[in-house]
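See below for the structure under consideration.
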Amino acid sequence: MSLSLPHTTEDILRADEHLVQSWADLDALKKPGARTAIVSAKGVMLQDSDGNDLIDGIGGLWCVNVGHGRQEIIDAISRQLSTLDFYSTFYTFTHPTAAALAQKLAQLAPGNLNKVLFSNSGSVANDSAIRVLHHYYERLGQPGKKLVLSRQGAYHGSTYLTIAMTTPQYSKGWSRAEGIVHHLKKPHYWREAGDMTEAEFLNALLQDMRDQIEDAGPENIACFIGEPIMGAGGVIVPPKGYHKKIQALCREYGIKFVADEVVTAFGRLGHFFASKDVFETQPDIITIAKGVTSGYQPLAATIMSDEIHDVISGPDGVFTHGMTYAGHPAAAAAGLANIALMEAEKIPEHVQIVGKIFENSLRSLEDIDIVGEVRGSHFMIGIEFVKDKAKKTLFDSALNIGMQVARRAQQKGLVVRPLGHILILSPPLVLTEAEVAHISGILRESILEVMNALPRACFL
């Protein structure tokens, strides 16, 4: 006998009082109307417990790349559970589905990234990348190489270590691993460059990295970790050529280059992996999650080079790291089915066309007075609101402009993600041109309504 689920909005929210929701203002959630219960989904559409139809403008959370309710993935999960519900890839055991997915990921990943360590979240994948590299250097007789270069504005997760690699503003009031991470300057040209040209700003970023390496000592630095495009830090696109030159500095100083593709992999920028195809880099490690199963099952991976694996798999040592559910059969089946669907329907190629239409459509919102910058690429877009475009000054944080616009948009049938003075959109990758136009229209109406309702004093 199974437990019955709550059905009415009132019953769902009463039960939800026992749930601690991630990355939420827990005090604000106590207020009436603060929470939305999503009860079903199909394609790019959601339905809430009051029967409202909503476009999923955030793809679950950067991850429902192929859209909701794809029977191909659901059936693959069901078939797998009826054959082998669970066995761990632990110690001497494996199973066909995890092995096949690891092989497929090695085929898709660029260069010599042929070894796959599974986990169940992007946070753990990034945490694992650092643990693996620390172990790698221990086995090479370089135990001092422990430091990690990250960046202001980064988001790499919320474990004790990965929150330290994340931009410091996200760990305010929380403890974190100390003494390991050095944060480089934020590579946001529009807000950080001042009077510099883009080329001058790029040189300043590279000099900042070189200075920090020299100060810390390259013999003490394990790696640089970076998202190709920063996600939860505000959808920040570095200057052209940035990643390629950062990688060159890493090579110069003997530092490993880790690409956090938890968001950008599996089609969001029009390719299965963005590092090589978009940014012309060859990382030593790529971390993935989210889009690898389109969110149908929790799955992540740390994909490492043959060279790193050769060192950690040598004699006289056991790889004492791993998770119980790593390579879970149902999750691996979801990953295989998701990738097969993306290949059969040419979804990355679809993104290369419709994703640019989406990007350009949202960039047209910059003609609105309070829209300071629309940034990002393809189906990964951030909209920043300002009270003065010329000075790029922000509204008082108490106004929470992003939340105001998000609420208006939801009333009109679109879910977007507010982040203070920024809105983030990361919809399913299967949007049509008509749906793109509809989203753009809702956003324009919502932003204008919020702007026109603001008292004049807010702009002073």
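The values are calculated or read from the model by the stated rules, or taken from the named source; none is laboratory data. Quick caveat, the model's predicted, so the values are computed rather than measured. Ideal geometry is used to build each Cβ from the backbone, glycine not excepted, and the neighbour counts take in all protein chains shown.
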Test SER397 against the stated conditions and say whether it is surrounded by fewer than 24 Cβ atoms within 10 Å (Cβ to Cβ), outside the structural domain of SER121 (by TED's automatic domain parsing) and small (Gly, Ala, Ser). yes
Does any residue in the stretch 336-352 that is assigned by TED's automatic domain parsing to the domain that holds ALA76 come within less than 8 Å, Cβ to Cβ, of a residue that is of a type in the set (S, T, N, Q) and in a helix (DSSP H, G or I) six or more places away or on a different chain, and which pairs are these? LEU336/THR97
Looking for something of a type outside the set (Ser, Thr, Tyr), assigned to a strand (DSSP E or B) and either modelled with pLDDT under 95 or under 21 Å from GLY122 (Cα atoms) (or both) - is there at least one such residue anywhere in the stretch 360-379? yes
Any residue at all in the stretch 190-203 that is in contact (Cβ under 8 Å) with a residue 12 or more places away in the chain, of a type in the set (A, V, I, L, M, F, W, C), surrounded by 16 or more Cβ atoms within 10 Å (Cβ to Cβ) and in contact with a strand residue (DSSP E or B) (Cβ under 7 Å, 6 or more places away or on another chain)? no
What is the residue count in the stretch 206-230 for residues that are in contact with a strand residue (DSSP E or B) (Cβ under 7 Å, 6 or more places away or on another chain) and either in contact (Cβ under 8 Å) with a residue 40 or more places away in the chain or outside the structural domain of HIS271 (by TED's automatic domain parsing) (or both)? 15
Subset of the stretch 133-163 [among the hydrophobic types (A, V, I, L, M, F, W, C), in a helix (DSSP H, G or I) and buried (at least 24 other Cβ atoms within 10 Å of the Cβ)]: LEU133
Just a yes or no: is a residue in the stretch 39-61 assigned to a loop (DSSP other than H, G, I, E, B), on the phi < 0 side of the Ramachandran plot, among the basic types (Lys, Arg) and not assigned by TED's automatic domain parsing to the domain that holds GLY157? no
Specify the residue that is farthest from LEU419 (Cα to Cα); the eligible residues are those in the stretch 12-36 that are of a type in the set (Gly, Ala, Ser) and exposed (fewer than 10 other Cβ atoms within 10 Å of the Cβ). GLY33
When you scan the stretch 293-303, do you find a residue that is out of contact with any Lys or Arg (no Cβ under 9 Å at 6 or more places or on another chain), within 30 Å of HIS438 (Cβ to Cβ) and in a helix (DSSP H, G or I), even just one? no
Positions within the stretch 273-330 being among the charged types (D, E, K, R) and crowded, with 17+ Cβ neighbours inside 10 Å, in sequence order: LYS276, ASP284, LYS290
Going by the structure shown, is ALA76 in contact with a helix residue (DSSP H, G or I) (Cβ under 8 Å, 6 or more places away or on another chain), surrounded by 18 or more Cβ atoms within 10 Å (Cβ to Cβ) and either touching a residue at least 40 places away in the same chain (Cβ under 8 Å) or not hydrophobic (A, V, I, L, M, F, W, C) (or both)? yes
I want to confirm something. Restricting to the stretch 27-57 and keeping residues that are of a type outside the set (Gly, Ala, Ser) and in contact with a Ser or Thr (Cβ under 6 Å, 6 or more places away or on another chain), which single residue is nearest to ARG268 (Cα to Cα)? GLN47
Restricting the search to the stretch 62-79, which residues are part of a loop (DSSP other than H, G, I, E, B) and on the phi > 0 side of the Ramachandran plot? GLY67, GLY69
Of all residues making up the stretch 80-102, the number that are surrounded by 13 or more Cβ atoms within 10 Å (Cβ to Cβ) and part of a helix (DSSP H, G or I): 9
Can you find even one residue in the stretch 221-241 that is assigned to a helix (DSSP H, G or I) and surrounded by 15 or more Cβ atoms within 10 Å (Cβ to Cβ)? no
Answer yes or no as to whether VAL318 is outside the structural domain of ALA232 (by TED's automatic domain parsing) and not acidic (Asp, Glu). no
Within the bounds of the stretch 47-64, is there any residue that is under 20 Å from GLU433 (Cβ atoms) and without any contact (Cβ under 8 Å) to a residue 24 or more places away in the chain? no
Given the conditions (1) closer than 22 Å to LEU117 by Cα; (2) free of Cβ contacts under 8 Å to residues at least 40 places away in the same chain, every one holds for TYR137 apart from (2)
